[in-house]
Amino acid sequence: MAEKFALEGISESMRRELQIHNIKVVVIGPGAIESSIWDKFEKDEKEKTI
């Protein structure tokens, strides 16, 4: 989690610095979302994956 927090902080700083040049900085944080695909997994497999 510390890595994610650091990345978000650096990105926010860059966003503020670069906005005067009309450059946008975006952070994309991939992760699991609720969907029907998880119905195919056993509970213990699902917990390990998420």
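The values are calculated or read from the model by the stated rules, or taken from the named source; none is laboratory data. None of these values were measured; they are calculated from a predicted model. We place every Cβ from the backbone using ideal geometry, glycine too, and count neighbours over all the protein chains shown.
A few remarks follow.
- Members of region 13-30 found to be assigned to a helix (DSSP H, G or I) and either over 19 Å from the mean Cα position of the chain (by Cα) or modelled with pLDDT under 95 (or both), listed by number: 16, 17, 18, 19, 20, 21
- Criterion violated by residue 33 - all others in (1) β-branched (Val, Ile, Thr); (2) surrounded by fewer than 10 Cβ atoms within 10 Å (Cβ to Cβ); (3) modelled with pLDDT of 80 or more satisfied: (3)
- Residue that is surrounded by the fewest Cβ atoms within 10 Å (Cβ to Cβ), among those in region 36-50 that are of a type in the set (Val, Ile, Thr) and within 19 Å of the chain's Cα centre (by Cα): 49
- Scan region 28-50 for residues that are more than 29 Å from residue 8 (Cβ to Cβ) and among the aromatic types (Phe, Trp, Tyr) and the total you get is 1.
- Selection from region 1-30 of residues that are surrounded by 10 or more Cβ atoms within 10 Å (Cβ to Cβ), free of Cβ contacts under 8 Å to residues at least 12 places away in the same chain and not charged (D, E, K, R): 6, 9, 10, 13, 14, 18, 19, 23
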